[in-house]
Amino acid sequence: MLPFLISLGFSILYVSMQTVSIWAGDSGKLVAAAYTWSIAHPPGYPFYMLLGGILTHTVPFHTVAWRMGLLSSLSMALSVYILWKTIFFITKSKMSASIGSILYGLLYPVWLYAMVPEVFGLFSLFSLLIVYVFLRYVETKKRQWFFLLAFLSGLSLTHHHLIILLLLSIGITLFFQKKSLVLSLKPYVLTILALFFFGFSFYLYAPIVSSRYPPFDWEHPASPIGFFRLITRASFGTFKASYGTGQSFLDRGLNLLTFFQYTLKDLGIISIGLFFIGLYGLGKKKRFIFFFFSVYVTLLLFFFFYAGFPVNSDFSLGTIERFFIVPYQTIALLTGVGVWCVLSFLKTLWKNHTPELHVPFWIIQVLIVSVAGTFFIRQFRINYPKLILLTNDRTLEKLADDIFTSVPQGGILNLQDDTSAFAVDYSYYVLKKRQDIRYMSFPMLQFSYYPSWMRHNFPDVRIPETPTKLVYKEYLQKFLRANYPDRPLLSERVDVSVPEHWVPRGLLVMYYPTLSDIPDRGQILEKNVALWQRFQDPFQGSLGTYKHLMMTDVLRYYADKRLTLAQAFLLYGKMDQAEREMNEAIRLYPNRSEVYFPFINLLVEQKKCEEAYEMAQKAERHIMQTKDVVGLYHALYEKCRALQDRLRLQEEAYQDFMRKFSKPIE
């Protein structure tokens, strides 16, 4: 009854706080893909897509994003239940199980991803279910538990590939600790394989829905090659954040450092101490379980090292933070075990020294519960105010609205930035906004299946036929020329592959093949000013009160577009307007070095060296990377002679930095 009540409490908490709209990151694309019976980005999450499609089309109330969020809230609440059962199975202590499970449920990333439509709630549930079933099998030696483990293993791999680390930990543990138990399963190998592949068969959802060219058709798994690429995450790199990120040893080491820093921040020193006590206690009393969790923790740490998440921005930190949820399970579990070890030690102490100790042992138990309760209340008071802000937040929907506002009637829209693209995915395919737009991805034209996808979904868009296969740059140029001027062509950044002209239009840039096609500069600037007056101020939503890491990318996005407009004003000699836009970019996202360089250059050109120096000092307070700070001061040193004496130390720091990390300066 107790684990049920705790899980019920978390169900009520999570469901009542579910977001009515999408969250930053992958949320918008995941909801849109599930709602349209499509395939999300690799590895495709077919089981999650299937469940999400059923939920979003059968639950008769609330928004589509909220319905999809039920997979997060209910899965995470069930995770708390399974965690309680697992700790109790190891310790036979209700107090230890309750403390460990409540600790997990109140952790910031766990609570956050219980509120938003994302894959990590179900991932959390699968991980804990597999651990629990595995421990039950080893304890009872009943093959039915292993049969269930085989099925869950196959099914969980259709959701998230990091489960492989857990399955590998189980395999290593059985091989080195329970080899005879493995050999006893030899007569049932075919049954085990059949159950595994039955669970894994949910991956067939991907090629089935792909065969009809759905709105989201990553890798086109209807083809054998596409199916293989989807399963192996070939476009991203298996177990890596993405290609080209975190390749250096230092970058990967920073991933581990980030994990340790966040673990200390989220769990606190007492929980970390209890974690190590729990691990030590298992080593003394339950060697098999100790071995299993030691292997699992080691593999999880290796993952953070190997994956190579970049940690150079708030958004990057928010990306890696999501993956802390599973290691936090193990830490919370072993924290519960640590409580049990402490209780066992104190109980033995009280039993052996009863005449000298005049305090009943139940008072000690009450004291431990009081300390835990105080910690939980503190966690609730810290996390609830900043998480409740997200419940009715529609910042991402408004971003999509502003992008749509930037597109003329009937335009072809290309987006490549995750934050903007996933917001538009939801608004375009779920909310059905701006259906006159033809929404696509230029880089996807490199893939052989994409022209067929375009013809199927947007038959009124011209797809050029070529007698021979062209490189991407040439084919994109043909595509743009084939559709101009019948349809306006817009992207969110200048495509360097196309040597023609891209002119700012709101949050986007608009394509023109020749200079003579570009409207009058005054008309361009006037149109942009009018569009920006209609856009949201992103600080009006939850970001105005608290900056959740992944949500801050919205601020980065608007700041970048302000800079694009500022550069247009600079190009046309409108210095005052350019300065105004740069100030707005700094207000939105002061932690980005790119917003300061053009502003300081502008001030220097206007002979405002003192103001430029003040701006460089402001940048130094916000920018974390040394190379950016010394680079700003170096630019100022070279261009403002009056400041050279004041900047001599900064210039020496720049020269030292360049000698260490770049080519020798001549």
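The values are calculated or read from the model by the stated rules, or taken from the named source; none is laboratory data. Just so you know, these numbers come straight off a predicted model, no measurement behind them. Methodologically, a virtual Cβ is constructed for each residue, glycine included, from the backbone with ideal geometry; neighbour enumeration extends over all protein chains shown. Accessible surface areas use protein heavy atoms only, side chains included; no ligands, DNA or RNA. Shrake-Rupley method; radii C 1.70, N 1.55, O 1.52, S 1.80 Å.
So, taking all protein chains as they sit and a 1.4 Å probe, how much accessible area belongs to Ser180, in Å² rounded to tens?
Ser180 exposes around 90 Å² with every protein chain in place.
In square angstrom, what is the accessible area per residue of the chain with a 1.4 angstrom probe?
On the way: 29290 Å² over 666 residues.
Computed with neighbouring chains in place, this is 44 Å² per residue.
For the chain, what's the relative contact order in percent, using C-alpha pairs closer than 8 Å and at least 6 residues apart?
RCO, the chain: 13 percent.
Given H placed on each backbone N at 1.01 Å, which residues far from Arg438 in sequence or on other chains put an amide H within less than 5 Å of it?
HN-HN under 5 Å from Arg438: Gly411, Ile412, Leu413.
Using Cα-Cα distances under 8 Å and only pairs 6 or more residues apart, what relative contact order does region 379-470 have, in percent? Let's see the in-between values first.
Details: 53 pairs, mean separation 21.6, N = 92.
Relative contact order, region 379-470: 23 percent.
Could you give me the ³J(HN,Hα) list for region 295-311, computed from phi with Karplus coefficients 6.51, -1.76, 1.60 and θ = phi - 60°, whole Hz, x at Gly and Pro?
Per residue, the Karplus-derived 3J(HN,Hα) values read 5, 5, 4, 4, 5, 5, 5, 4, 4, 4, 6, 6, 4, x, 5, x, 10 Hz.
Tell me the carbon and sulfur percent of the accessible area for region 359-503, rounded to whole percent, probe radius 1.4 Å.
Values: 3930 of 6790 Å².
Using a 1.4 Å probe with all protein chains present, region 359-503 comes out at 58 percent carbon and sulfur.
Non-local amide H neighbours of Arg505 (under 5 Å, H modeled in plane, Pro and chain starts lacking H): which ones?
Here the answer is Met510, since their amide H atoms fall under 5 Å of that of Arg505.
With unit charges on the beta carbons (Lys and Arg positive, Asp and Glu negative) and the dipole taken about the Cα centre of the chain, which residue among Leu565, His220, Leu588 sits farthest to the positive side?
Final value for the positive-end residue is His220.
For region 245-291, rounded, prolate or oblate, judged on the Cα gyration tensor with a ≥ b ≥ c (square roots of eigenvalues), a/c < 1.5 rounded, else prolate if a/b > b/c?
The shape class here is oblate.
Whole-Hz Karplus ³J(HN,Hα) for region 219-236, in order, using 6.51 cos²θ - 1.76 cosθ + 1.60 and θ = phi - 60°, x for Gly and Pro?
3J(HN,Hα) across region 219-236, in whole Hz: 6, 6, x, 5, 8, x, 5, x, 5, 5, 5, 5, 5, 8, 6, 4, 6, 10.
Could you give the size of the charge dipole of region 514-563 about its Cα centre, using +1 on the Cβ of each K and R and -1 on the Cβ of each D and E, expressed in debye and rounded to the nearest 20?
For this selection, approximately 160 debye.
Can you give the accessible area of Ile164, probe radius 1.4 Å, in Å² rounded to 10?
Around 70 Å² of this residue is reachable by solvent.
What is the percent carbon and sulfur in the accessible area of region 85-195, measuring with a 1.4 Å probe over the protein chains and ignoring ligands?
Percent of accessible area from carbon and sulfur atoms in region 85-195: 69.
At a probe size of 1.4 Å, how large is the accessible area of Phe345, to the nearest 10 Å²?
Counting only protein heavy atoms, the figure is 130 Å².
Work out the FRET efficiency for Glu474 and Glu594 from their Cβ-Cβ distance, taking R0 = 30 Å, and round it to the nearest 0.05. Intermediate results must be reported in sequence, preceding the final value.
Values: r = 31 Å, r/R0 = 1.02.
Efficiency at R0 = 30 Å is approximately 0.45.
With the dipole of the chain worked out from charges on the C-beta (+1 for Lys and Arg, -1 for Asp and Glu) around the Cα centre, which of Leu74, Leu112, Leu367 lies farthest toward the positive end?
Of the candidates, Leu367 comes out farthest on the positive side.
Taking θ = phi - 60°, what integer Hz values does the Karplus form 6.51 cos²θ - 1.76 cosθ + 1.60 yield along region 65-71, in sequence order, with x for Gly and Pro?
Taking θ as phi minus 60°, the curve returns 4, 5, 4, 5, x, 4, 5 Hz for region 65-71.
What is the distance, in nm, between label points placed 7 Å from the Cα along the Cα-to-Cβ direction at Asn457 and at Val494?
For the pair Asn457/Val494, the computed spacing is 2.9 nm.
Using a simple charge model, +1 on the beta-carbon of Lys and Arg, -1 on the beta-carbon of Asp and Glu, nothing else, what dipole does the chain show about its Cα centre, in debye to the nearest 20?
In debye, rounded to 20, the chain gives about 2660.
Stretch Tyr306-Gln567 to full length: gain in nm at 0.36 nm per residue minus the Cα-Cα span?
Numbers: separation 261, 0.36 × 261 = 93.96 nm, distance 3.90 nm.
Contour length minus Cα-Cα distance gives 90.1 nm.
State the extension gain, in nm to one decimal, for the chain segment bounded by Ala653 and Ile382, taking 0.36 nm per residue of separation less the distance between their alpha-carbons.
93.6 nm
Can you bin region 527-650 into rounded, prolate or oblate? Criterion: square roots of the alpha carbon gyration tensor eigenvalues sorted a ≥ b ≥ c, rounded for a/c under 1.5, prolate for a/b above b/c, oblate for the rest.
Judged from the Cα gyration tensor, region 527-650 comes out oblate (a/c at least 1.5, b/c at or above a/b).
Have a look at Leu257, Ile172, Leu267 and report the one farthest towards the positive end of the charge dipole of region 123-279, computed about the Cα centre with Cβ charges (Lys/Arg +1, Asp/Glu -1).
Checked the options; the winner is Ile172.
State, to one decimal in nm, how far the label point of Leu183 lies from the label point of Leu264, with both points 7 Å from Cα in the Cβ direction.
Taking the two extended label points, one gets 4.8 nm.
Roughly how big is region 26-155's charge dipole about its Cα centre, with Cβ charges of +1 (Lys, Arg) and -1 (Asp, Glu), in debye to the nearest 20?
540 debye
Looking at this model, which pairs from Lys29/Lys433; Lys265/Lys285; Lys433/Lys547; Lys561/Lys618; Lys561/Lys607; Lys142/Lys179 are more than 18 angstrom apart at the alpha-carbon? Provide the component values of the computation, followed by the final result.
On the way: Lys29/Lys433 15 Å; Lys265/Lys285 30 Å; Lys433/Lys547 28 Å; Lys561/Lys618 21 Å; Lys561/Lys607 26 Å; Lys142/Lys179 15 Å.
Those over the limit are Lys265/Lys285; Lys433/Lys547; Lys561/Lys618; Lys561/Lys607.
Tell me, what is the FRET efficiency for Asp251 and Ser441 to the nearest 0.05, using R0 = 25 angstrom and their Cβ-Cβ distance as r?
0.35
If I model a spin label at Tyr546 and Lys608 as a point 7 Å from the Cα along the Cα→Cβ vector, what separation in nanometres do I get?
Taking the two extended label points, one gets 3.7 nm.
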